[in-house]
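Following: one structure in structure tokens, then a few remarks.
Just so it is clear, none of the values below were taken in a lab; they were calculated from the coordinates. Note that the structure is predicted; figures quoted are calculated from it, not measured. We place every Cβ from the backbone using ideal geometry, glycine too, and count neighbours over all the protein chains shown.
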Amino acid sequence: MAKKKGKVKKAARAVRKAGTKKPAMRKKGVAKKAATRKVALAKKTVAKKAAVKKAPAKKVTAKRAITRKPAVQQATPSSPPKISPNRMSWLDAEARTPIIDLYAQQLDSFIATIADGKVDESEVQSQEARLVQLMQEIEPQLDDAMHEKVTRLLCELTAYDIMQVLHTMQQAQPHGTFQG
């Protein structure tokens, strides 16, 4: 059973005779003992609380440790990545919009494909081969965290491009219906 916490017991009072004064020294001594007891009790309580806080945590069982996914360790760079002043930004600094499509339109392969106004099967296959080659070169260089971010970036960019093409096609369609 747990001990009940009670009030601190006070020192016994001396019985005095009627008309006599209690010596001042004795009164101070009793008060001093009571104060000392309270301080000692407070110190014990604080010590117990500190001991509870410092108690070591229970070890995780081996079964639980095996079923957990390993934590992704992020490489801590010793220095920040070097950024060249000639680096092409992915975003327009003022409008905060992607400008990757402007870079894509300046690619020699893109200009050659669009020059005749048609995109044939061989041109699509050539572009796919360039894309696969770059992915195979870059993917092994990424740690898990960066790989996840770049994957999300590529997916968002692809979705953005598809939406942009569909929007452009819808805007090019005539808005009225033919009544003949």
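What the table below lists for this structure:
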quantity: Residues (of a type in the set (D, E, K, R) and surrounded by 11 or more Cβ atoms within 10 Å (Cβ to Cβ)) located in the range 93-114; calculated: ASP101
quantity: Meets criteria (in a helix (DSSP H, G or I) and at negative phi) for GLN179; calculated: no
quantity: Of all residues making up the range 143-180, the number that are aromatic (Phe, Trp, Tyr) and surrounded by fewer than 10 Cβ atoms within 10 Å (Cβ to Cβ); calculated: 1
quantity: Matching residues, the range 133-162, being under 24 Å from the mean Cα position of the chain (by Cα) and β-branched (Val, Ile, Thr); calculated: VAL150, THR151
quantity: Residue pairs meeting the criteria (Cβ under 9 Å; at least 6 apart or on separate chains; first on the phi < 0 side of the Ramachandran plot, in the range 133-144; second among the acidic types (Asp, Glu) and part of a helix (DSSP H, G or I)); calculated: LEU142/GLU148
